[in-house]
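Step one of this worksheet: look at the structure below.
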Amino acid sequence: MDLQQLCLKVNDIAREAGNYIKQESATFDRSKIELKGFNDLVSYVDKQAEAQLVEALRSLLPEAGFITEEETATERGEKYNWIIDPLDGTTNFTHGLHHFGVSIALMEGQEIVLGVIYAPMMDECFYATKGNGAYLNGKQIKVSDAPALKDSLIATGFPYYAFDLTQQYLQVLGAFMATSHGVRRIGSAALDLAYVAVGRFEGFFEYNLNAWDVAAGVIIVQEAGGKLSKFTSGGDYIFGREIVASNTFIHDEMLQTIALHWKYN
Ligand code: IPD
Ligand code: CA
Ligand code: CA
């Protein structure tokens with residue numbers, strides 16, 4: 001299989017779903033929000049976008065299985081699995097904010113080999129395949145060359161449904177606020193990672209994430225020259241529910257800053 005050709009087809013599939021979400025955003029009203037759990041929002045738009053994606057990806061690569069947020073398809077493939085978040089940034093979408101995107105990754109065995117993130121309101125399509133670099137709308141992208149945390153803008157995600165670790169998280173947040181150019185919470189982990197890859201953010205950290213939030217972003221950051229880990233170095237940052245992504249140069253400083261306050265029970 002030619003991964004680069006496959007990736008261009010996945011670009012088209014992500015754009016089609018993204019354009020559907022964009023079109024719905026013009027008329028969406030909050031009476032259409034459904035709750036999957038406390039503060040865990042979903043709508044017919046997430047579900048319809050996912051159904052479109054699954055159908056298109058299934059005909060593109062029939063032997064692949066699926067890990068998807070809305071569980072439109074649950075069968076697992078022996079060699080290949082798509083990891084999909086049809087709408088990352090649902091809370092933004094339902095409130096009329098424009099930071100949201102479609103996130104699609106392909107996993108071969110346990111390794112991510114392809115990632116596409118499309119932000120329809122900005123018409124930005126980030127993508128990468130293993131060993132072939134990372135791209136935004138056809139132009140190669142690289143992480144920022146900022147050498148230190150003091151020169152860096154950091155992204156994060158605030159806890160919003162599980163608050164047991166909030167106090168130590170707030171201490172970590174305070175430490176980053178005091179030692180960087182500032183901290184942003186834009187509301188889409190997929191776009192946070194894409195923005196590290198393109199050099200808008202130097203770093204990103206968040207916990208309580210799922211594989212579909214990060215899988216595509218991980219390979220885009222890697223292929224743009226960035227580095228990934230859990231809050232301590234190493235570990236499974238795709239399925240391990242916590243992640244640090246950086247431009248590489250500030251990675252150790254980020255881990256040291258987190259370690260000041262982050263305690264595992
Ligand atoms: C969420 C977004 C958000 C992050 C949450 C995710 P969703 O995904 O990525 O930035 O803080 O942890 O669950 O629910 O909008 O697909
Ligand atoms: Ca998500
Ligand atoms: Ca989602």
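Looking at ASP145, ASP164, ASP151, can you tell me which residue is open to solvent by 10 Å² or more (accessible area, probe 1.4 Å), out of contact with any Asp or Glu (no Cβ under 9 Å at 6 or more places or on another chain) and touching a residue at least 12 places away in the same chain (Cβ under 8 Å)?
ASP145
Just give me the residues in region 31-74 being assigned to a helix (DSSP H, G or I), buried (at least 18 other Cβ atoms within 10 Å of the Cβ) and either within 12 Å of ligand 3 (Cβ to nearest atom) or of a type in the set (Phe, Trp, Tyr) (or both), in sequence order.
Within region 31-74, VAL45, ASP46, ALA49, GLU50, LEU53 qualify.
Restricting attention to region 116-140, which residues are in contact with a Phe, Trp or Tyr (Cβ under 9 Å, 6 or more places away or on another chain), touching a residue at least 12 places away in the same chain (Cβ under 8 Å) and open to solvent by 10 Å² or more (accessible area, probe 1.4 Å)?
If the condition is that a residue be in contact with a Phe, Trp or Tyr (Cβ under 9 Å, 6 or more places away or on another chain), touching a residue at least 12 places away in the same chain (Cβ under 8 Å) and open to solvent by 10 Å² or more (accessible area, probe 1.4 Å), then MET121, GLU124, TYR127, LEU136, ASN137 are the ones that fit.
Which of the residues spanning region 73-97 are of a type in the set (Val, Ile, Thr) and within 14 Å of ligand 1 (Cβ to nearest atom)?
Residues of region 73-97 that are of a type in the set (Val, Ile, Thr), as a first pass: 74, 83-84, 90-91, 94.
Once the filter is applied, which keeps residues that are of a type in the set (Val, Ile, Thr) and within 14 Å of ligand 1 (Cβ to nearest atom), region 73-97 yields ILE83, ILE84, THR90, THR91, THR94.
Checking the condition away from ligand 2 (no atom under 15 Å from the Cβ), open to solvent by less than 50 Å² (accessible area, probe 1.4 Å), at pLDDT below 95 and over 24 Å from ASP88 (Cα atoms), which residue from GLY174, GLY234 passes?
GLY234
Looking at the structure I just gave you, is GLY96 farther than 17 Å from ALA14 by Cβ, more than 13 Å from ligand 3 (Cβ to nearest atom) and open to solvent by less than 50 Å² (accessible area, probe 1.4 Å)?
Values: farther than 17 Å from ALA14 by Cβ: yes; more than 13 Å from ligand 3 (Cβ to nearest atom): yes; open to solvent by less than 50 Å² (accessible area, probe 1.4 Å): no.
The answer is no for GLY96.
Check region 82-91 and report whether any residue there is in a loop (DSSP other than H, G, I, E, B), of a type outside the set (Phe, Trp, Tyr), touching a helix residue (DSSP H, G or I) at 6+ places or on another chain (Cβ under 8 Å) and modelled with pLDDT of 95 or more.
Checked against the condition, which is being in a loop (DSSP other than H, G, I, E, B), of a type outside the set (Phe, Trp, Tyr), touching a helix residue (DSSP H, G or I) at 6+ places or on another chain (Cβ under 8 Å) and modelled with pLDDT of 95 or more, region 82-91 yields at least one hit.
So, of the residues in region 79-93 that are hydroxyl-bearing (Ser, Thr, Tyr) and more than 9 Å from ligand 3 (Cβ to nearest atom), which turns out to be surrounded by the most Cβ atoms within 10 Å (Cβ to Cβ)?
So the residue we want is TYR80.
Can you tell which of VAL183, VAL113 is part of a strand (DSSP E or B), open to solvent by 30 Å² or more (accessible area, probe 1.4 Å) and over 15 Å from GLY18 (Cα atoms)?
Answer to the check: VAL183.
In region 99-120, what residues are more than 20 Å from LEU8 (Cα to Cα) and of a type outside the set (Gly, Ala, Ser)? Steps first, answer last, please.
So the first thing to find is which residues in region 99-120 are more than 20 Å from LEU8 (Cα to Cα), and the list is 99-100, 109-110.
Within region 99-120, HIS99, PHE100, GLN110 qualify.
Residue by residue through region 92-110, note down the ones that are part of a strand (DSSP E or B) and closer than 18 Å to ASP213 by Cβ.
Within region 92-110, GLY101, VAL102, SER103, ILE104, ALA105, LEU106, MET107 qualify.
Go through (1) out of contact with any Gly (no Cβ under 9 Å at 6 or more places or on another chain); (2) modelled with pLDDT of 95 or more one by one and return the number of the condition VAL42 breaks.
(2)
When you check ALA245 against the structure, is it under 18 Å from GLU111 (Cα atoms) and of a type in the set (A, V, I, L, M, F, W, C), yes or no?
yes
Any residue in region 198-211 that is small (Gly, Ala, Ser), closer than 22 Å to ALA134 by Cβ, open to solvent by less than 10 Å² (accessible area, probe 1.4 Å) and part of a loop (DSSP other than H, G, I, E, B)?
no
Going by what's in this entry, would THR27 be described as hydroxyl-bearing (Ser, Thr, Tyr), outside any strand (DSSP E or B) and either more than 12 Å from ligand 1 (Cβ to nearest atom) or free of Cβ contacts under 8 Å to residues at least 12 places away in the same chain (or both)?
For THR27, the condition - hydroxyl-bearing (Ser, Thr, Tyr), outside any strand (DSSP E or B) and either more than 12 Å from ligand 1 (Cβ to nearest atom) or free of Cβ contacts under 8 Å to residues at least 12 places away in the same chain (or both) - is met.
The values are calculated or read from the model by the stated rules, or taken from the named source; none is laboratory data. No experiment lies behind these values; they were computed from the predicted model shown. With ideal geometry, Cβ positions are generated from the backbone for all residues, glycine too; neighbour counts draw on all protein chains shown. For accessibility, only protein heavy atoms count, side chains too; no ligands or nucleic acids. Shrake-Rupley method; radii C 1.70, N 1.55, O 1.52, S 1.80 Å.
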